[in-house]
Amino acid sequence: MPIQIGQPPESDFRNPLGLLSDCHRRIERFLNALLKIAEEANGETMAREQSSAFEVALRYFREAAPLHTLDEEDSLFPRLRDKHKEDSNAALAVLGGLHDDHKSADAIHRSVDELGREWLMDGELAPEKTQLLMGLLRQLSETYRRHIAIEDSELFPLAAKMLNATELSAIAAEMASRRGLLVPGR
């Protein structure tokens with residue numbers, strides 16, 4: 001079950017909305033890895049491959065996923081809120097719920113990370129902590145399922161209509177900057 005954080009994205013910074021959607025696929029992949037390993041190992045000692053994949057997935061949610069949240073919260077959402085077009089009402093109606101999802105998921109990720117690190121460090125996880133971890137992972141899975149569906153099928157297509165090339169380019173530059181990268185041609 002090799003999982004690599006640095007896999008090349010399907011989109012690039014010329015398509016920031018595509019990059020955000022690509023990130024959703026990574027979130028789904030890493031969350032599914034956490035769930036599968038937690039179910040298979042059930043708090044017992046993980047096989048070396050499981051332990052490695054589990055650690056990579058935890059690190060993804062600790063280091064990379066927060067950048068995606070900032071991309072949305074600090075770059076995309078404010079621009080959508082600032083738009084004064086009829087379409088912006090549709091976007092504004094969902095932004096509050098998406099923001100709440102981000103806050104909730106962040107808190108759950110902190111608990112998952114703490115339990116996951118404990119499991120990796122100790123080699124086993126007590127049954128009650130295993131059940132807590134599984135419950136948190138299932139809650140994240142449901143939150144992301146709904147959240148990603150809204151963003152991919154409603155919000156991103158609406159943003160593509162509402163935001164012009166200059167605004168999308170600015171979002172891309174901010175996303176790259178968060179990662180210490182320069183956008184080609186800027």
Q.
I'd like the FRET efficiency for GLU44 and HIS99, computed as 1/(1 + (r/R0)^6) with the beta carbon distance as r and R0 of 41 Å, rounded to 0.05.
A. 0.60
Q.
List the lysines whose Cα sits under 17 Å from the Cα of LYS83, skipping any in the same chain fewer than 8 residues away.
A. LYS161
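How much length would be gained if the chain were fully extended between GLU73 and ARG138, taking 0.36 nm per residue of separation minus their Cα-Cα distance, in nm to one decimal? Before the final figure, lay out each step's value.
Numbers: separation 65, 0.36 × 65 = 23.40 nm, distance 2.40 nm.
Contour length minus Cα-Cα distance gives 21.0 nm.
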Q.
In whole Hz and in residue order, list the ³J(HN,Hα) couplings for segment 29-41 that follow from phi through the Karplus curve 6.51 cos²θ - 1.76 cosθ + 1.60, θ = phi - 60°; x for Gly and Pro.
A. 5, 5, 5, 4, 4, 4, 4, 4, 5, 4, 5, 5, 7
(Q) Residues of segment 27-50 with the amide nitrogen closer than 15 Å to a label point 7 Å from the Cα of GLU124, along Cα-to-Cβ, please. (A) 41-47
Q: First measure r as the distance between the Cβ atoms of ASP82 and LYS161, then evaluate 1/(1 + (r/R0)^6) with R0 = 22 Å and state the FRET efficiency to the nearest 0.05.
A: 0.90
Q | Compactness of segment 100-173 - radius of gyration and Dmax, Cα, Å | A | 17.8, 53
Q. With each pseudo-label sitting 7 Å past Cα toward Cβ, what's the ARG62-ARG146 distance in nm, one decimal?
A. 2.9
Q. Hey, of [x] 57, 40, 31; [y] 39, 37, 32; [z] 54, 34, 20, which did the structure itself give for Cα extents along the principal axes in Å when calculated?
A. [z]
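If I take every Cα pair under 8 Å that is 6 or more residues apart in segment 16-178, average their sequence separation and divide by the length, what percent do I get for the relative contact order? It would help to have the intermediate numbers written out before the result.
Working: 108 pairs, mean separation 65.6, N = 163.
Averaging sequence separation for qualifying contacts and normalising by length gives 40 percent for segment 16-178.
A short reminder: the numbers here are calculations on the coordinates, not readings from a lab. Quantities reported herein were computed from a predicted structural model and do not represent experimental measurements. A quick note on method: Cβ atoms are made from the backbone with ideal geometry, for glycine too, and the neighbour counts reach across all protein chains shown.
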